Amino acid sequence: MKRKIDFVEIKEKIFFFIKHNRLFIMYLILSLLIGFLLRVVTIHGKLYFKAFVSDLIMILLIGSFGYKIKDKSRYKYYLIWIIFSTLLAIGNTIYYGFYQSFLSVNLISTASMIGQVNDSLFAKLHINQFFYLVFPIIFVLYYKYLCKKDYFNNIEIVDNKLIFKRIYLTILILLIYVVLNISSADGSRFIKLWNRESVVQKYGLYVYTANDLIQSVRPRIDSLFGYDSSALKFREYYACKWEEKKQTNEYTDIFKGKNVIFIHAESIQNFLIDLKINGKEVTPYLNKIAKEGIYFNKFYPQISVGTSSDTEFTLLTGLMPSSSGTVFVNYYDRKYEGMPAYFNKLGYYTFSAHANNAEYWNRKTMHDNLGYKDFYAKDRFIIPEDFSDPDYIGLGLSDKSFFNQFIPILKNIKENNSPFFGTIITLSNHSPFSDIEKYGEFDVTMDYTYKDDNGEKINANAPYLEGTTIGNYLKSAHYADSALEVFYETLKKDDLGKDTIVILYGDHEARLSKRDFDLLYNYDPLTDDTISEEDENYINMYGYNYDLLKNTPFIIWSSDNEFNLKVESTMGMFDVLPTIANMFGFKEKYSLGNDIFSSHEKIVVFPNGNVLTDKVYYSDLNDEYIAFTEEPIDSDYINNLKEYADNILEVSNGIIVHDLIRKEGAKIGECNK
């Protein structure tokens, strides 16, 4: 006879378990709250029930081993894990505020970079990031409360082995629920870990951390088991890609034989172009060269945790950043076909210049790998030892002093090594933008007019951006702009810039917050606050507008002639190499982007799986898109973009992890499509 479910008995067993395992239950609750709070504080997005379940699985798994140790030691065991979870949450919250991503084991190899940018990191610290510390305190206080009530001596002795088995049964049931509710897209994101936000949002902090630990040894695993599939995808992709690269257009060979200088402009964002505060331009010289040159106003960096080094890698090779760690630090010994190497083959002298340590981001090694013949680093410049010196700004030598000291070097290069290709990396506009007394005068307050009670117009001044992060950034950018003017105007003199193309790009966003932009665009001087969301003039910075503001300027300029061209097509860092190759008359092989002047659809793939075109911006985190056109966007178009992005990321990561250019480059055959 079938036995009926006795809910009263089940209820009694649950209460019995809670009564006799209060320490375990408190560990459970506090650990869940830590994971929940992290998602609320960082992502601010949808809260998935699956994330709670996934967190619970990991918490139960860890907590179950508490029943394998002595009762007296169980408190210490749970306390250690709560402290670990607390520190994990604090670290991830701080890191997310700086990089909009989550911590990874692979970042240990780049920890040496933190020392040189610690001011930037400290500027992002807030007291609320340490709120998690309340949880271990609660646990300690609760334990003392139980001891005071003589709880541990008054409860019955329970069967720890039975509890251990029941916890594992619960884990199994929860695991089945999670597995049955995983879509193929979510499973792909989880395995590839390109979009860390998505994994934390949908699977929780603890599962993400465990997944990241596994991913940290993935290169070794892939090298043993994933080589063949990656190599096949690599060969098939480039067999057809090479056919596409044979296209020509009106810009083919336009700069053939010219010298070229790339200016890697630290943290210069595109919203600065034509921005005025109280009628004064923030970057007047950038505005000038943007009008004179070929200006791409929808140019997007495709960086991951490697920031500036990711920019250099993607711009020079046309490949994507690594899905784990950074190429410059973790995969520096692979073979890459970099832009300097291509120019070397054309007979160019190639160099890079940066007034920082050559070892920072492992540049000394990687610049050599990418094909630069010389690296004019910190040891080639006179840098003040006194931090209060006006020629010392932010992380080191001021941009104006850097350019002034570099001009004689450039003159020598032109006299003895023509043609030449060089990259000049600026430094002063690096966060946290705190040397405001050295930036020069630039007013970021707001003049405004209002009517008093008698109807008379009164002129007044409001603080606006004064004393804010974005206000300091505008002052820093104004200084960086004046330093660029020094360099460009010097090029015009004595024919130093003759037969030379200067290409400026912002290396990445300045990591300003949504609140910063909200203040910039929605400020109300009458209230010294932002206008209401209901105001018709309100610009929403908390949606995808914030993501779309992360573009940087890309400007091709020459002192010999004016182009006066504004290109409004969407463009990514990985499009630079094929575009330059077409303009300077050489064939490159392995870039994943396209010549911006070709007939290809303009598609930018980001390392987190997001995709941007002239039609849509697709968010992999939320699996949704916004459209920029009134024409219908069907599901096939979005699915094709997602498939395109996955393919790009897989091919690129295969090249990086397996060194496929070296090992498989000679095996690429004909396109079978």
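Values in this text are rule-based calculations from the coordinates and carry no lab data. Just so we're clear, the structure is a prediction, and the values are computed from it rather than from any experiment. Glycine gets a Cβ as well: all are built from the backbone with ideal geometry, and neighbour counts include every protein chain shown.
Sort the following peptides by mean Cβ neighbour count (other Cβ atoms within 10 Å, averaged over residues), highest first: 355-367, 79-91, 456-468.
Highest-to-lowest ranking by the protection proxy: 355-367, 79-91, 456-468.
With θ set to phi - 60°, apply the Karplus curve 6.51 cos²θ - 1.76 cosθ + 1.60 along the stretch 348-363 and write out the HN-Hα couplings as whole Hz, x wherever there is a Gly or Pro.
7, 8, 10, 8, 10, 9, 7, 8, 10, 4, 5, 7, 5, 6, 6, 4
With the calculation restricted to Cα positions, what are the radius of gyration and Dmax of the stretch 612-673 in angstrom?
Answer for the stretch 612-673, Rg first and Dmax second: 16.0, 47 Å.
Compare the peptides 592-603, 534-545 by average per-residue count of other Cβ atoms within 10 angstrom and give them in order, highest first.
Descending packing order for the listed peptides: 592-603, 534-545.
Go through the chain and flag any cysteine with no other cysteine's C-beta closer than 4.7 Å, please.
So, CYS147.
Under the classification rounded if a/c is under 1.5, otherwise prolate if a/b is larger than b/c and oblate if not, where does the stretch 329-470 fall, given a ≥ b ≥ c as square roots of the Cα gyration tensor eigenvalues?
It comes out prolate by the Cα gyration axes.
What ranking do THR42, THR552 get, fewest neighbouring Cβ atoms within 10 angstrom at the top?
THR42, THR552
Can you work out the PRE-style zone for ASN622? Point 7 Å along Cα to Cβ, and I want the residues of the stretch 20-47 with backbone N under 12 Å.
So the set is 44-47.
Between CYS240 and ASN416, what length in nm is gained on full extension when 0.36 nm per residue of separation is reduced by their alpha carbon distance?
That pair, CYS240 and ASN416, stretches by 59.3 nm at full extension.
In terms of the Cα gyration tensor, with a ≥ b ≥ c the square roots of its eigenvalues, is the stretch 409-476 rounded because a/c is under 1.5, prolate because a/b exceeds b/c, or oblate?
Since a/c reaches 1.5 and a/b is larger than b/c, the shape of the stretch 409-476 is classed as prolate.
Report the extension gain between ASP453 and LYS256 in nm, rounded to one decimal, defined as 0.36 nm multiplied by the number of residues separating them, less their alpha carbon distance.
The ASP453-LYS256 span can extend by a further 64.2 nm.
If r is the Cβ-Cβ distance from ILE69 to GLU466 and R0 is 51 Å, what FRET efficiency results, to the nearest 0.05?
0.30
Among [x] 33.7; [y] 40.1; [z] 37.3, only one was calculated for this model; which label is it, if the read-out is mean projected area of the Cα convex hull in nm²?
Read-out taken from this structure: [y].
Do any of LYS298/LYS475; LYS280/LYS493; LYS492/LYS566; LYS566/LYS642; LYS493/LYS587; LYS514/LYS589 go past 31 Å between their Cα atoms, and which?
Over 31 Å apart, Cα to Cα: LYS493/LYS587; LYS514/LYS589.
Excluding GLY347 itself, calculate the net charge of residues whose Cβ lies under 14 Å from the Cβ of GLY347, where each Lys or Arg counts +1 and each Asp or Glu counts -1.
Within the 14 Å Cβ shell, the charges total +4.
For the chain, what is the mean residue ellipticity at 222 nm derived from helices alone (per DSSP H run of n ≥ 4: -39500 (n - 2.57); sum divided by total residues; nearest 500 deg cm²/dmol)?
-15000 deg cm²/dmol
Taking the Cα centre as origin and putting +1 on Lys and Arg beta-carbons and -1 on Asp and Glu beta-carbons, what dipole magnitude results for the chain, to the nearest 20 debye?
That gives a dipole near 3960 debye.
Can you work out ³J(HN,Hα) from phi for every residue in the stretch 192-201, in order, using Karplus 6.51 cos²θ - 1.76 cosθ + 1.60 and θ = phi - 60°, giving whole Hz and x for Gly and Pro?
7, 6, 6, 9, 5, 4, 4, 5, 5, 5
Under 20 Å from the Cα of LYS364, which lysines turn up, not counting those fewer than eight places away in the same chain?
Here the lysines satisfying the reach criterion relative to LYS364 are LYS335, LYS373, LYS378.
Per-residue counts of other Cβ atoms within 10 Å, averaged by peptide: what ranking do you get for 308-316, 332-340, highest first?
Peptide ranking by packing, descending: 308-316, 332-340.
Before anything else, pin down the relative contact order of the chain: Cα pairs under 8 Å, at least 6 apart, normalised by residue count, whole percent.
Reported relative contact order: 19 percent.
Of all DSSP beta bridges located in the chain, what percent are antiparallel, nearest 5?
Of the beta bridges lying entirely in the chain, close to 55 percent run antiparallel.
Please report, for the Cα atoms of the stretch 526-573, the Rg to one decimal and the Dmax as a whole number; what are they, in angstrom?
17.7, 51
Given the options VAL327, SER104, LEU621, identify the residue whose Cα lies farthest towards the positive end of the charge dipole of the chain (+1 on Cβ of Lys, Arg; -1 on Cβ of Asp, Glu).
In the chain, that residue is SER104.
Multiplying the sequence separation of LEU28 and PHE130 by 0.36 nm and subtracting their Cα-Cα distance, what value in nm do you get?
Gain in length upon complete extension: 34.7 nm.
When we measure straight from the Cα of LYS148, which aspartates and glutamates land under 18 angstrom away, once same-chain ones fewer than 8 places off are left out?
ASP71, GLU156
Around SER267, which amide H atoms from residues at least 5 apart in sequence, or from another chain, sit under 5 Å from its own amide H, with H modelled in the peptide plane?
ASP507, HIS508
Is the shape of the stretch 494-599 best called rounded, prolate or oblate, per the rule: a/c under 1.5 gives rounded, else a/b larger than b/c gives prolate, else oblate, with a ≥ b ≥ c the square roots of the Cα gyration tensor eigenvalues?
It comes out prolate by the Cα gyration axes.
So for the stretch 295-389, considering every pair of alpha-carbon atoms, how many percent are separated by more than 15 Å?
More than 15 Å apart: 65 percent of the Cα pairs in the stretch 295-389.
In nm, give the distance between the simple-model label positions of TYR542 and ASN181, each being 7 Å from the Cα along the Cα-to-Cβ direction.
Label at TYR542, label at ASN181, 2.6 nm between them.
For the pair ASP389 and ASP636, what calculated FRET efficiency results from E = 1/(1 + (r/R0)^6), where r is the Cβ-Cβ distance and R0 = 45 Å, to the nearest 0.05?
Here the calculated transfer efficiency is 0.15.
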